[in-house]
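In what follows, a structure is listed as structure tokens, so that the remarks can point back to it.
The values are calculated or read from the model by the stated rules, or taken from the named source; none is laboratory data. Everything numeric in this text was worked out from a predicted model, so none of it was measured. Neighbour counts run over all protein chains shown; Cβ positions are idealised from the backbone, glycine included. The accessibility values were calculated without ligands, DNA or RNA, using every heavy atom of the protein model including side chains. Shrake-Rupley method; radii C 1.70, N 1.55, O 1.52, S 1.80 Å.
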Amino acid sequence: MVADVAPNSGDEIIISDGEVRILRCIDSTGKQIWEFDGNWLMHLTSVAAISFNVNLDFPVLAIGNPDGKLCCLNASTSEELWTKNIIKIEWGSPVWADLDGDGQDELIAATEFDGITAFKADGAVLWTYREDADGNPVVVRCPITAKDVDGDGKSEVFAVDRWGPLSLSHDGELLWHQRSGNEFISGVEVTDIDGDGKYDVFCASQDDNLVYRIDAENGNIIWNVPMLSKCDVYPNSYYPTGDLNKDGKSEVIVCDKDGNVYCINSSGKKLWTFTTPKPIHASAALADIDGDGNLDVIITSGDHFVYVLGAEGDLKGKYEEDRRLMAPATIADVNKNERKDILFGGSGRKLNSISVSDKMTSEETEFLSEIEGSNKNKAKEIFSLFNKGGFELAKNPDFPFEQVIFGSAGIV
């Protein structure tokens, strides 16, 4: 996550340091601002959610853990605001949204064994939805979302449980539950993909390997498209959308657990498929990282590579890390220097920041000389990838990855 939470130049990066169970805030130069220990008993595998509409004085973070703790803290200082003991949140993430239309966000958290619960800003429980209409427990393993799809100023909640996607009203009443007969393990994306003013839900099922587009207001299936392999928590927690081919309608990027990446248009047609060399999970992000006016697809894969694809699925380049990558990259201009940064991490216990540029700035050159003289184990290093061979270009020799800022956040 990237957000401006501290009075520093540039934005800050909030990361979950899984194995040591610490939430960290890193500034735009790779230095740690604060760390938060929630006394978690299990690996911190979930992602924090941020709101700027809870407190007027500071942004607020919320994060869950598989041990059942849900923590809320001041994003600027890491001061703990409250902690609730709920039920396991492992690969999912809570979400902030204005449920009652008063301009202040509430927190919604989905668990693996105890349904979906909404909290007030102070941690008081608003409601809990635990069972479907047939009495089956609501089991949610991936991130949820919330969006006002009917225009009443109050957000609806969207999640995918074991039996399919569902929608809840702002006060926790079931609006619809699409049970197609397949078993699901999937996150959920809610977006207006074809620009008609109506929202759609995207998710995927394990059985039959299907990607679904569903009407967000009534739960009706619009289409489903088969994948080559099953979905899983790594590749299918997120479904980024954007207008890649500039036809005025968005495409959705979907990945499966065998490393296949699909670009599907609003009509359900596969425009292209890209396959990583090894059958390992992947996750995707969308951004115009080289400033050519076209969206790029950035894939972080379990085969240790970051792949950059063009809008037509052509491979622009790839970057190799030491260990497998399990979460999507975040694309942001963290330094506020009008250059996009690709931020990613994985099993190598490092936070990596690749800065897209055709030349190294004088500040970076000076920074490199300082780093070379001290703290080689923890601090940032600056690599010229053309000289050191860290980034391989493909098909496009003008792709501006000549200089890369590669950062270890000092996590040992």
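Annotations
- Model label sites at residue 194 and residue 130, defined 7 Å from Cα along the beta-carbon direction, differ in position by 4.1 nm.
- On a per residue basis, the chain carries 41 Å² of accessible surface, using protein heavy atoms and a 1.4 Å probe.
- A protection proxy built from the mean count of other Cβ atoms within 10 Å ranks the segments 297-308, 271-282, most packed first, as 297-308, 271-282.
- Charged neighbours of residue 40, selected by a Cβ distance under 9 Å, balance to 0 (K, R count +1; D, E count -1).
- Spin-label model distance (nm) - residue 53 vs residue 270, 7 Å beyond Cα toward Cβ: 3.8
- Overall dimensions of the chain as given by Cα atoms, namely Rg and Dmax in Å: 20.9, 65
- Charge sum, other residues only, whose C-beta stays under 14 Å from residue 273's C-beta, Lys/Arg counted +1 and Asp/Glu -1: -3
- When the square roots of the Cα gyration tensor eigenvalues are ordered a ≥ b ≥ c, the ratio a/c for the stretch 258-349 is 1.5 or more and a/b does not exceed b/c, which makes its shape oblate.
- Orientation-averaged projection of the stretch 1-136 equals 8.5 nm² [convex hull of Cα atoms, one quarter of hull surface area].
- Estimated inter-spin distance, residue 41 and residue 221, nm [label 7 Å along Cα→Cβ]: 4.1
- Whole-angstrom Cα spans of the stretch 155-216 along principal axes, big to small: 30, 29, 15
- Summed side-chain charge close to residue 22 - residues other than residue 22 whose Cβ falls under 12 Å, Lys, Arg +1, Asp, Glu -1: -1
- Over 24 Å apart at the Cα level, from the set 246/350; 246/270; 316/340; 147/249; 246/316, are 246/350.
- Of all accessible heavy-atom area on the chain, the percent that carbon and sulfur account for (1.4 Å): 44
- Springs join every pair of Cα atoms under 10 Å in this Gaussian network model of the chain, and among 224, 260, 136 the largest mean-square fluctuation is at 136.
- Contact order for the stretch 246-311, expressed relative to its length and based on alpha carbon pairs under 8 Å spaced 6+ residues apart, stands at 23 percent.
- Global size of the stretch 177-296: 13.8, 44 Å for Rg and Dmax (C-alpha atoms, Rg to one decimal, Dmax whole).
- DSSP assigns beta bridges within the stretch 218-353; of those with both partners inside it, close to 100 percent run antiparallel.
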